[in-house]
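Since the structure comes first, as structure tokens, the remarks are kept for the end.
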Amino acid sequence: MTTSAQTVAAPARARTATATATVRRKQGFQHGGWFVAPFLALFALFVIWPLLRGIYLSFTDANISGDGASFVGLDNYREALNDSAMWDALGHSAYFTLLVVPCITVLAFLLAMLAHHIERGKWLWRLCFFVPFLLPSTVAANMFQWLFTQGIGLINETFGLDTPWLTDKSYAMLAIVIETLWWTVGFSFLLYLAALQGIPDHLYEAAKLDGANAWHRMVHITLPMLRNITGLVIALQILASLQLFDQAVVMMDFGPGPEVSTRSFVQYTLEQGFTSYRVGYASAMSIIFFVIIAVVALARMWLLRTREEGGR
């Protein structure tokens, strides 16, 4: 008799618990919604609406005045895909990314290892490595523009060189890469340093007892434990490097560089929108670039998920 009563009461209790949980979730959403509403409003105003507006303009021949725009369908996209200058600009952005991402990943890791293991003046080393990242992009670019200026630049004077860093297409992009490494390595350095501090000490102690030297400990403990943070650093640097603009424009005196060798995709888009006044065409290129960035981000997420599933 008791067993039958319990059997009948169990589903009722389950339904009651489910109903209670549902009510609590609704209440939590109602209260939490007020906290996220300001962010959602700003996100919709400054991200969603400009994106939708840009998609609409990409199908028109709108100019910078905003008057007299007519629908042109996919003409802007066809022109963009056949625009050799656009592909050259995209190639410059990709080339810059290929140079910066590996260098900044390795450099940030080495600096983090140094700051983590050094005994004296840890705070000073960490400050020196991170402070350049706090500088505005224009300040850092102006500093290196002076350092690379032929004839008076400190780099040529110090090393006895006469390299035309900013006026020769063979060196202009390299100068921008060097400036970017110095300016932005601090962010990745901070991520690596935080990850290093999270590795348990007992793993290294056990490895020492087993006779592992410093190289073996780094290869078999440090690098595997930093795998996720390395993936994050690489993904963030790829997305940031593809959007090259500030340092290239400022260091090249607001031009496309020698023989347009440093003109990035973002810079070319702005030239079409604000110099040639072709807002519709610039919008189409912006949407193409948005798709490229989205594909890179989704590819990173897919690789990360595949790696996690494979490690299970």
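The values are calculated or read from the model by the stated rules, or taken from the named source; none is laboratory data. Nothing here was measured: the structure is a model prediction, and the numbers come from that model. So basically every Cβ, Gly included, is an ideal-geometry build from the backbone, and we count neighbours across all protein chains shown. Only protein heavy atoms, including side chains, enter the accessible area calculation; ligands, DNA and RNA are left aside. Shrake-Rupley method; radii C 1.70, N 1.55, O 1.52, S 1.80 Å.
Annotation: of all residues in segment 240-250 being open to solvent by less than 40 Å² (accessible area, probe 1.4 Å) and assigned to a helix (DSSP H, G or I), the one that is nearest to L190 (Cα to Cα) is S241.
Among the candidates F133, F159, the residue that is open to solvent by 60 Å² or more (accessible area, probe 1.4 Å), under 24 Å from the mean Cα position of the chain (by Cα), free of Cβ contacts under 8 Å to residues at least 60 places away in the same chain and in the same structural domain as F189 (by the TED database) is uniquely F133. Of the residues that make up segment 295-310, is at least one over 30 Å from L110 (Cβ atoms) and under 14 Å from the mean Cα position of the chain (by Cα)? Yes, there is a match, as at least one residue in segment 295-310 is over 30 Å from L110 (Cβ atoms) and under 14 Å from the mean Cα position of the chain (by Cα).
Would you confirm whether or not segment 169-184 contains a residue that is over 24 Å from T105 (Cβ atoms) and modelled with pLDDT under 95? Within segment 169-184, one or more residues are over 24 Å from T105 (Cβ atoms) and modelled with pLDDT under 95. The number of residues in segment 91-115 being open to solvent by less than 50 Å² (accessible area, probe 1.4 Å) and either under 24 Å from A194 (Cβ atoms) or not in a helix (DSSP H, G or I) (or both) comes to 10.
Within segment 39-54, the set of residues being closer than 15 Å to S286 by Cα, surrounded by 11 or more Cβ atoms within 10 Å (Cβ to Cβ) and out of contact with any helix residue (DSSP H, G or I) (no Cβ under 6 Å at 6 or more places or on another chain) comprises I48, W49, P50, L51, L52, R53.
Inspect all residues belonging to segment 162-180 and state whether any of them is over 21 Å from V249 (Cβ atoms) and not aliphatic (A, V, I, L, M). Yes: one or more hits. Within segment 176-215, work out how many residues are open to solvent by 80 Å² or more (accessible area, probe 1.4 Å) and over 25 Å from F245 (Cβ atoms). Residues flagged as open to solvent by 80 Å² or more (accessible area, probe 1.4 Å) and over 25 Å from F245 (Cβ atoms) within segment 176-215 amount to 8. Here is the figure for segment 208-264: residues that are over 19 Å from M301 (Cβ atoms) and among the small types (G, A, S) total 8.
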